[in-house]
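Student: Handing you this structure, nothing more for now.
Rule-based calculations on the coordinates, nothing more; no lab input. As the structure is a computational prediction, the values presented were derived from the model and not from experiment. No Cβ is skipped: glycine too gets one built from the backbone with ideal geometry, and neighbour counts run over all protein chains shown.
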Ligand SMILES: [Zn+2]
Ligand SMILES: [Zn+2]
């Protein structure tokens, strides 16, 4: 009796919610995180801003570097990276960079879905691609304590929910508190992250997607991909919101 009544109540509330959603949207409309215009997008990024931010033009299918035509770039031909491909939504300069900095350093966690949805739009066409596991680039425990969250884990969780691909947040752990990559030159970046990650699970034969907010030289994701490939991973894709 009690259970029936509770269920009835839940159902009535759900009906009420769906019936009055247009009214609620009208009373409390969402605003675009970038331009401030009223938007219906549940992610908080209006269609126009998303459209403007999405990258266009050919790029190296391996590292994502912008090129004149779609081909493997000279650098990837000379020394192929450990990862198999890089998929990214936007160039780091401009609006995408602004949003990422707000998300990462400005404690604006609500910007996360806007950024993740942008990447999801790019991934749309590869949704059918075989991905077994999504894992974020890990932060060292001290960095998480400072920031309060791992921005890459927030993005990875969103993508996992929307793509229905398994999320393994602690697939990798960062064993060393490395210096921020932004302060280093390319060669030092590689050295800085060398042996900084430990793998927690068996990845043999798996197709993995590593998620991060920004990719600059790719030293961090390349080191992660090295660890995964050495452990027998079949394929490592790198999914990032923006590439510098
Ligand atoms: Zn907008
Ligand atoms: Zn390349």
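Student: Just want the ordering: 239, 82, from fewest to most Cβ atoms lying within 10 Å of their own Cβ.
Tutor: Working: 239 29, 82 18.
Ascending number of Cβ neighbours within 10 Å: 82, 239.
Student: Let me ask something else about it. Provide the gained length on full extension for the span residue 146 to residue 244, in nm with one decimal, where the gain is 0.36 nm per separating residue minus the Cα-Cα distance. Before the final figure, lay out each step's value.
Tutor: Details: separation 98, 0.36 × 98 = 35.28 nm, distance 2.46 nm.
Answer, rounded to one decimal: 32.8 nm.
Student: Pick from 97, 218, 148: which residue has the top mean-square fluctuation in a GNM of the chain where Cα pairs under 10 Å get a spring?
Tutor: Most flexible of the set in this elastic network: 148.
Student: Going 7 Å from the Cα of residue 169 in the Cα-to-Cβ direction, what parts of segment 132-157 have a backbone nitrogen less than 19 Å from that spot?
Tutor: The answer is 133-157, whose backbone nitrogens lie closer than 19 Å to the label point.
Student: Give the angle, between 0 and 90 degrees and rounded to the nearest 10, that separates the Cα long axis of helix 219-230 from the longest principal axis of the Cα atoms of the chain.
Tutor: 80 degrees
Student: Over all directions, average the projected area of the Cα convex hull of segment 57-243 and note it in nm².
Tutor: Values: hull surface 40.5 nm².
The directionally averaged projection comes out at 10.1 nm².
Student: Against the longest principal axis of the chain, how steep is helix 112-123, in degrees 0 to 90 to the nearest 10, with axes from Cα atoms?
Tutor: Compared with the principal axis, the helix lies near 70 degrees.
Student: When Rg is the radius of gyration of the Cα atoms in segment 173-244 and Rh is its Kirkwood radius, what does Rg/Rh come to? Please list the in-between numbers first.
Tutor: Values: Rg = 12.3 Å, Rh = 12.8 Å.
That ratio is 0.96, to two decimals.
Student: Right, here's the next one. Take every DSSP beta bridge whose two residues both sit in segment 57-243, then give the antiparallel share in percent to the nearest 5. Write out the running numbers ahead of the final one.
Tutor: On the way: 4 of 24 bridges.
Taking every DSSP beta bridge within segment 57-243, about 15 percent pair in antiparallel fashion.
Student: Taking the chain as a Gaussian network, where each spring joins two C-alpha atoms under 10 Å apart, which residue of 122, 161, 190 fluctuates the most?
Tutor: Maximum among the listed residues: 161.
Student: Label point 7 Å out from residue 132 along Cα-to-Cβ: which residues of segment 168-199 have amide N under 19 Å?
Tutor: 168-173, 198-199
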